[in-house]
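Quick notes on the structure that follows.
The values are calculated or read from the model by the stated rules, or taken from the named source; none is laboratory data. Treat the numbers as computed from the prediction; the structure is a model and nothing was measured. Using ideal geometry, Cβ is built from the backbone for each residue, glycine included, and neighbour counts are taken over all protein chains shown. Calculation scope for accessible area: heavy atoms of the full protein, side chains included, ligands and nucleic acids excluded. Shrake-Rupley method; radii C 1.70, N 1.55, O 1.52, S 1.80 Å.
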Amino acid sequence: MGKVCIECKYPVPVLYTTSQTAYDRKTGSPVRLTQCPRCKHFADKYVEHDFVVLFIDMILIKPQVYRHLLFNRLQVAEDDKPDRSITRLGVLLLLFDVYLTWARIEKQAPTPSSTSTLGILNQQPIVIQYIFFLLLCLTETIIFHSTIRFISFYYYGFTKPNAVSTALLVSSCTKLFPILMVIWNYDVPAAAKSVGWAVVVNNLEALRILLDVSYPKAALLAFSGALVRSLSTNMILYWTGLPMSGWGFEGWV
Ligand SMILES: [Zn+2]
């Protein structure tokens, strides 16, 4: 049901056929990709690719990869049912956010005095410190998703809020990229800064594909979300007396 060609969005009944006798001569696999009747490309070449290829094409911001994920792989664009693997991805992204935020704040104030908020926070057991940053990032994420779901529902008339959240989570995958830099001991705030912008652009592209709106409309949506999130995070950091993240997108300093 409801598959599309990822090149031109033309509906196709199936993405591939399997056959024991007529296997693809080039690849030697029994899977034969469907050719799009309109644009003559393969309807969805990603059916045969593994996650690494998808991830790289996501970093390269290819619209086809989002059409594949949102329309063909996850049914969410059609029935608005959240996928379990996307829920897990959401948790992973949240935990990674906690790490990046914590690392950034510690780096910005390397020797906190014992009377400052960070000093007091540092004296708490590690679990309390962790819960603090977890709640901060959770609030930030909820505000971000709510803003974009709200605007897309009330202003763009898009009635599938879970599909919106899925698009945001999938397109935030590039956020996981600096984990390599963390392993190689790179400068965490600088990594977060460059990746932060890449994530906003990826969010924009995914929203444009899912909602089928123009670039300015998608940009307005993505930037409103990022702006409201940044404002609320900085407000919390200001109230608690912790170093703020400027006009940060994921710790942009
Ligand atoms: Zn096509």
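Going by what's in this entry, would Val4 be described as open to solvent by less than 90 Å² (accessible area, probe 1.4 Å), within 16 Å of the ligand (Cβ to nearest atom), touching a Lys or Arg at 6+ places or on another chain (Cβ under 8 Å) and modelled with pLDDT under 90?
No: the conditions fail for Val4.
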If you take the residues of region 60-84 that are in contact with a Leu (Cβ under 8 Å, 6 or more places away or on another chain) and not aromatic (Phe, Trp, Tyr), which of them is most open to solvent (accessible area, probe 1.4 Å)? Asp83
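Residues checked against (1) exposed (fewer than 12 other Cβ atoms within 10 Å of the Cβ); (2) within 16 Å of the ligand (Cβ to nearest atom); (3) modelled with pLDDT of 90 or more; (4) not assigned by TED's automatic domain parsing to the domain that holds Ala163:
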| site | (1), (2), (3), (4) |
| --- | --- |
| Gly28 | yes, no, no, yes |
| Met58 | no, no, no, yes |
| Arg88 | yes, no, yes, no |
| Trp102 | no, no, no, no |
Among Leu69, Leu54, which is of a type outside the set (Lys, Arg), more than 30 Å from Leu242 (Cβ to Cβ), in contact (Cβ under 8 Å) with a residue 24 or more places away in the chain and more than 16 Å from the ligand (Cβ to nearest atom)? Leu69
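Tell me, yes or no, whether region 160-173 has at least one residue that is outside the structural domain of Phe55 (by TED's automatic domain parsing) and at pLDDT below 90. Show your work before the answer.
Pass one, region 160-173, residues outside the structural domain of Phe55 (by TED's automatic domain parsing): 160-173.
Narrowing the set further to residues that are at pLDDT below 90 leaves 173.
Yes, region 160-173 contains a residue that is outside the structural domain of Phe55 (by TED's automatic domain parsing) and at pLDDT below 90.
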Give the number of residues within region 15-26 that are surrounded by 12 or more Cβ atoms within 10 Å (Cβ to Cβ), at pLDDT 65 or above and in a loop (DSSP other than H, G, I, E, B). 1
